[in-house]
């Protein structure tokens with residue numbers, strides 16, 4: 001075991017030391033090397049060192065360098081060094097996180113992380129936090145809790161009686177609601193076609209004056225950080241209106257929630273503290289390893305009821321039992337990496353990370369505009385949408401940029417226009433990286449398109 005861990009530690013060091021300088025996209029040769037994994041399941045096993053050697057030799061070159069400084073696709077944050085190290089240690093612990101009695105250390109540290117998150121995000125004291133795989137499951141958990149509460153008001157116990165014959169609920173979303181919300185709605189049983197869609201403006205924000213009337217049988221789903229533009233729904237007004245009518249308010253804040261830690265950007269999130277549930281990703285702007293999402297719920301008792309189960313062997317106590325805070329009974333202790341990131345950064349470091357990335361997004365936009373390219377969105381946070389002309393031309397630019405390897409960006413369709421989507425959310429990204437990428441895009445457009 002000692003030799004194996006020393007070997008893999010050296011391989012990890014070599015991988016991370018080179019991730020900033022390699023092509024962000026894997027080379028053709030690296031992708032061809034994946035064919036080395038295509039063989040029949042062997043009759044006899046191979047040594048652990050041989051397995052790791054194979055994984056590193058043929059797997060590492062074929063990765064996308066999303067842990068590096070110039071990956072700007074899908075709002076992916078790199079993993080802070082302390083979170084990578086914490087992940088290694090916690091993996092060695094191999095703890096069952098569902099029950100405090102099964103792992104007191106996980107129960108304690110996740111309880112502390114919950115309190116620190118509420119403090120850092122200016123949520124009310126006592127807000128519950130569940131550590132899940134990502135925003136999709138965080139949205140799912142918030143919606144399940146909403147379903148439980150709203151049906152219970154009508155005398156229906158969804159946990160015991162299911163949904164056959166249950167009273168109907170109304171779900172209101174913005175017309176630009178995210179794919180993770182669509183998936184969560186389908187998983188919960190609300191469907192995608194039955195929702196009421198509120199109209200949005202040119203930045204994807206719900207138009208408050210056109211928002212429908214809601215009541216105590218309505219779940220209102222708002223957005224903090226549009227996945228394309230970074231724009232925020234008018235949270236303060238809509239949260240107050242919805243809650244005054246008895247509606248449950250859920251906010252999909254996969255990356256936008258972290259604006260709340262910054263004095264400069266916190267105003268964008270005003271009102272979110274009064275929502276009933278809020279979903280976010282930690283593997284985005286908090287820069288912890290995949291996978292890591294968080295669901296916040298104001299009503300801890302309702303959340304625990306919606307997530308809970310029972311069995312004779314589940315030895316419950318007075319401390320935090322993790323299975324009451326997530327859909328999974330068994331899961332890895334993601335909250336410890338969250339705790340490590342919060343402690344390593346501190347309040348000021350977390351704010352500095354968010355503000356630096358936002359400034360870099362603005363730098364990106366200004367640099368591209370200086371070359372005559374069209375930025376389609378108001379750059380209010382860390383998202384930049386760029387058009388290079390007609391749709392086919394923009395698609396060719398995106399493909400050429402991906403193949404070039406200096407950076408990686410994705411494409412999107414935004415209100416009828418094809419666009420390059422740039423998301424800046426890594427602790428490792430420097431201003432020099434931004435300038436390098438601007439120059440690379442300008443060169444590619446000039447020479448290849």
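Would you confirm whether or not the range 98-108 contains a residue that is in the same structural domain as residue 289 (by TED's automatic domain parsing), crowded, with 22+ Cβ neighbours inside 10 Å and touching a strand residue (DSSP E or B) at 6+ places or on another chain (Cβ under 8 Å)? For the range 98-108, residues in the same structural domain as residue 289 (by TED's automatic domain parsing), crowded, with 22+ Cβ neighbours inside 10 Å and touching a strand residue (DSSP E or B) at 6+ places or on another chain (Cβ under 8 Å): absent. Filtering the range 330-355 to residues that are outside any helix (DSSP H, G or I) and loosely packed, with under 15 Cβ neighbours inside 10 Å leaves only 330.
Give the number of residues within the range 413-432 that are farther than 20 Å from residue 286 by Cα and crowded, with 18+ Cβ neighbours inside 10 Å. Talk me through it step by step, then tell me what you get.
First, pick out the residues of the range 413-432 that are farther than 20 Å from residue 286 by Cα: 413-421, 432.
Next, only the ones that are crowded, with 18+ Cβ neighbours inside 10 Å stay: 414, 418-421.
Adding up the residues that qualify gives 5.
Residue-wise test of (1) assigned to a strand (DSSP E or B); (2) crowded, with 24+ Cβ neighbours inside 10 Å.
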residue: 163; (1), (2): no, no
residue: 187; (1), (2): no, no
residue: 193; (1), (2): no, no
residue: 203; (1), (2): no, no
residue: 219; (1), (2): yes, yes
residue: 226; (1), (2): no, yes
residue: 243; (1), (2): no, no
residue: 260; (1), (2): no, yes
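Put simply, of 296, 303 the only residue that is touching a helix residue (DSSP H, G or I) at 6+ places or on another chain (Cβ under 6 Å) and either surrounded by fewer than 24 Cβ atoms within 10 Å (Cβ to Cβ) or touching a residue at least 24 places away in the same chain (Cβ under 8 Å) (or both) is 303. Going by what's in this entry, would residue 392 be described as surrounded by fewer than 15 Cβ atoms within 10 Å (Cβ to Cβ), outside any helix (DSSP H, G or I), at pLDDT 95 or above and over 20 Å from the mean Cα position of the chain (by Cα)? Spelling it out, it is not the case that residue 392 is surrounded by fewer than 15 Cβ atoms within 10 Å (Cβ to Cβ), outside any helix (DSSP H, G or I), at pLDDT 95 or above and over 20 Å from the mean Cα position of the chain (by Cα).
Which count do you get for residues in the range 1-26 that are within 27 Å of the chain's Cα centre (by Cα) and surrounded by 10 or more Cβ atoms within 10 Å (Cβ to Cβ)? Qualifying residue count for the region: 12.
The values are calculated or read from the model by the stated rules, or taken from the named source; none is laboratory data. Please read all numbers here as calculations on a predicted model, not as lab measurements. Neighbour counts are summed over all protein chains in view; Cβ atoms, including those assigned to glycine, are modelled from backbone coordinates with ideal geometry.
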